[in-house]
Amino acid sequence: MPNITLPDGSVREYDDSTSGEAIAASIGKGLLKSAVAVRVDGELRDLTRAIEDDAAVEIVTRDSDDGLELLRHDAAHVLAEAVKELWPETQVTIGPAIENGFYYDFSREAPFTEDDLATIEDRMKSIVDRNEAIEREVWDRQEAVDFFRSIGEEYKAEIIAAIPSDEPITLYRQGEFIDLCRGPHLPSTGKLGKAFKLTHVSGAYWRGDSNNEMLQRVYGTAWANDKQLRQHLHRIE
């Protein structure tokens with residue numbers, strides 16, 4: 001029976017475990033629509049993750065700094081899903097949010113072209129339209145390594161080896177795509193919206209070491225809404 005303290009100091013009591021999504025819904029439809037994550041006692045979490053104990057809770061919206069960073073991180077994951085659907089032989093490595101956008105590094109023989117970027121962007125929008133649920137899963141470390149190796153994702157297996165032994169191994173599933181990530185993430189791909197654009201490709205060495213393979217880094221920009229995207233693209237023209 002958790003007592004949830006909101007930022008304004010008010011307290012809501014729930015008969016059973018709750019979630020950021022349920023709390024946002026109980027406050028109002030507008031908040032639920034704009035909610036992308038929840039901060040629980042200072043920790044940023046998935047909006048759908050259970051809250052079972054008393055906690056201070058803040059709903060994170062898509063137009064906040066935290067929300068915008070989350071949108072960009074999810075845009076990177078949708079980018080990776082799109083590339084894997086289009087070119088299944090491609091290996092995915094890492095894909096963080098960065099200032100004004102995101103990138104994802106890929107290992108593949110053929111270089112990405114401008115036409116490829118347009119094709120990938122169209123597929124990303126299709127993934128948004130599917131509104132695939134994004135689900136957090138905690139895996140056994142060795143099982144995760146074996147899984148990624150079984151699907152030819154050697155880079156992911158290598159990343160797991162570098163994760164401290166006291167940290168859980170969390171994977172996120174969206175549709176048929178599964179990625180290694182600490183999270184948090186949006187509840188579904190539809191929450192991302194389509195205020196994003198792929199911008200260019202560059203080379204990047206794996207782990208920044210020139211002795212390692214040269215990867216292809218696909219960059220994009222992502223925003224909370226179409227107006228912000230247009231304003232950003234206008235500024236950089």
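The values are calculated or read from the model by the stated rules, or taken from the named source; none is laboratory data. As the structure is a prediction and not an experimental result, all values here were calculated from the model. Positions of Cβ are generated from backbone atoms using ideal geometry, with glycine treated the same way; all protein chains shown enter the neighbour counts. For the accessible areas, the whole protein counts, side chains as well, though only heavy atoms, and no ligand, DNA or RNA atoms are used. Shrake-Rupley method; radii C 1.70, N 1.55, O 1.52, S 1.80 Å.
A compact table of results
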{"quantity": "Residue that is most open to solvent (accessible area, probe 1.4 Å) [pool: residues in region 1-50 that are touching a Pro at 6+ places or on another chain (Cβ under 6 Å) and closer than 19 Å to P184 by Cα]", "calculated": "T48"}
{"quantity": "Qualifying residue in region 38-58 (condition: among the β-branched types (V, I, T), in a helix (DSSP H, G or I) and on the phi < 0 side of the Ramachandran plot)", "calculated": "no"}
{"quantity": "Of the criteria (1) among the basic types (K, R); (2) open to solvent by 60 Å² or more (accessible area, probe 1.4 Å); (3) in contact (Cβ under 8 Å) with a residue 60 or more places away in the chain; (4) out of contact with any helix residue (DSSP H, G or I) (no Cβ under 7 Å at 6 or more places or on another chain), which one R207 fails", "calculated": "(3)"}
{"quantity": "When residues of region 11-48 are limited to those that are of a type in the set (K, R) and in contact with a strand residue (DSSP E or B) (Cβ under 6 Å, 6 or more places away or on another chain), the one nearest to T61 (Cα to Cα)", "calculated": "R39"}
{"quantity": "Residue list for region 148-162, filter: open to solvent by 10 Å² or more (accessible area, probe 1.4 Å) and in contact (Cβ under 8 Å) with a residue 12 or more places away in the chain", "calculated": "G152, E154, Y155, I159, A161"}
{"quantity": "Where a residue in region 173-194 is on the phi < 0 side of the Ramachandran plot and its partner, wherever it lies, is of a type in the set (A, V, I, L, M, F, W, C) and part of a loop (DSSP other than H, G, I, E, B), with Cβ under 7 Å and at least six apart", "calculated": "P187/L47; L192/L186"}
{"quantity": "Candidate set from region 59-78 (those that are among the small types (G, A, S) and in a helix (DSSP H, G or I)); member that is surrounded by the fewest Cβ atoms within 10 Å (Cβ to Cβ)", "calculated": "G67"}
